[in-house]
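Encoded as structure tokens, the structure appears first; notes follow it.
The values are calculated or read from the model by the stated rules, or taken from the named source; none is laboratory data. Note that this is a predicted model, so its numbers are computed, not measured. Heads up, the Cβs are rebuilt from the backbone with ideal geometry, glycines too, and the neighbour counts pull from every protein chain shown. Just so you know, the surface numbers come from the protein's heavy atoms only, side chains and all, with ligands and any DNA or RNA stripped out. Shrake-Rupley method; radii C 1.70, N 1.55, O 1.52, S 1.80 Å.
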Amino acid sequence: FRMRHKNGSWIWRSYRSIVLNRHDDGTPSQYLGVVEDVTLRKETEAALRESQHLLQQITDTIPMYIFIYDYDLQYNIFENHMSNLGHPEKILTKASESFFRTLVHPDDLPAYKANMSKLNTIPDSEVLEIEYRVRDVHGDYHWRHYRFTPFARRENGSLLQYLGMMLDIGERKQAEVALREGEEKLRLITDNIHDLVALTDADLKFRYLSPSHSAVLGYKPDELINKHIFELVHPDDLDMIKNKTLFAVERQQADTVEFRYLHHDGYYVWMETTGAIIQTADGEFGGAVFASRDVSERRWMQRAMVEQEKLLVMLQKEQELSFLKSRMMSRLSHELRTPLAIISTSADLLEMYAHRMTETQRTERLQQIKTQIKHFTSMLDNMALVVKGISYSLDFSPAPYNLKNTCETLIAELKEMLHSKHNVQLELKGDMNIVNSDEQLVHLALTHLLANAIKYSPHSKPISIFAEAASKHIIIKVSDEGIGILPDERERVFEPFFRGANIGEVPGLGVGLSIIKDAIDASDGSLSVESELGVGTTVTVEIPLGGMISTN
């Protein structure tokens, strides 16, 4: 028990009493008392218990089986987990190395013996690794991965205790067996894994670092002892690491993070680190244990994949542009032959036979040239809209205009230019004499929609144009009773230079719907197509209105 010293402190005393004489009734009359100061021993025992508690907390956070074997005692003096081989605990608690040797698979026994023999000769910093099969209580064998390193030595330098770490690799071995069919050798996954283990105190300064820090980061463990964990973190990652560490300490929970750490040679290495909190016996924060690995190669691969994806996107866009140019040139060369041939023929006739022609005949030839030049110019304008993009060519500019006159004039011009005999029916709902919208956009949409309806429907079939002004949009529908659109081509009709497989030799560049869609999208309008093969097509556009029309 403890007694108070003169200076006020408490010291531990050990008392032993021996009876020297007794009374006639047998009760003691004299005894000899021996007193021993055991304060130092008690303090040492308390420190040992604290150390063992801390060690148990550390090892409990690590999933692998950890043990310390003592050669003098001939059994494990420490184990963080019980064996899962099914052998009785009363046997395992005092089981010697010779007992465990009987559990090793016969094929693995020579390697095991050689490994354990070598353990007695290696320096303290070296680690021996071996994989072998161990028999459970039912006679089945299980693959285990062991790491052995010297832990304590006798005064003469011979090995007294060694530290062992075991990982059950049964599932991994099964996976490797499945993967190695047709292969000559089995590669051990752990040969290329360099796990780093570090322990800190309550101030987050390193107290222990595994030897693997030297191989991965270039530092000898002693070089980092007492350094703060944040000291060598990349400046750009420092705030993130501090916040995550503070959060983990406050919540008393583990966390995983990736960050850059300064290598001994001056460059930064990407590390993936999992940290677990260590608590003291009274529940206070006592430090942390970290398990880390080098993930620089994975980071580089991710960056390379991102760059590769960017290059693939650029290549795809380049291929699409090349394909678009090819289609454009092919379509343009085909469409320009006819107007150029008509212009050339008419010019030749005028040059050679103008003096024989009547005034009416000369006028007709000149009119043919003008018509083809107009058609020629229209194609080039459409081509420019596609190449430059409609947003460069058309800005939404609402202003009051007469929609009825615009529609009637356009119908007459297109029928004359395309030599159409179609009956084009115009239906206007409401007053269309003054409409506040973009006349150029309406004219562009109607021109291409009506031209398509004329080109892709018989002369005997009517074409209808319906228009009305809604609350915020002008709604225009152009319907025909023509050939219709193939179902599997419905989504492609807005692609520049796309022409359906069922249109035959009908002239055109295949850019009309593409131009309309770009123009309508640029003005926050909408466009939809309904079509049935052999029945006809209806295209509906909604073009925004420009607001109330001033009466002043």
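Some values worked out for this structure:
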| item | result |
| --- | --- |
| For V424, residues with placed amide H under 5 Å, excluding near neighbours | I463 |
| For the stretch 89-164, projected area of the alpha-carbon convex hull averaged over all directions, nm² | 5.6 nm² |
| Efficiency of FRET between T121 and D239 - r from beta-carbon atoms, R0 51 angstrom, step 0.05 | 0.60 |
| Heavy-atom accessible area order for D136, D488, largest first, 1.4 Å probe | D488, D136 |
| Peptides 446-455, 355-364 ordered by average Cβ neighbours within 10 Å, highest first | 446-455, 355-364 |
| Of all accessible heavy-atom area on the stretch 198-265, the percent that carbon and sulfur account for (1.4 Å) | 49 percent |
| Coil-residue trypsin sites (Lys or Arg not before Pro) of the stretch 56-135, DSSP, other Cβ within 10 Å capped at 15 | K94 |
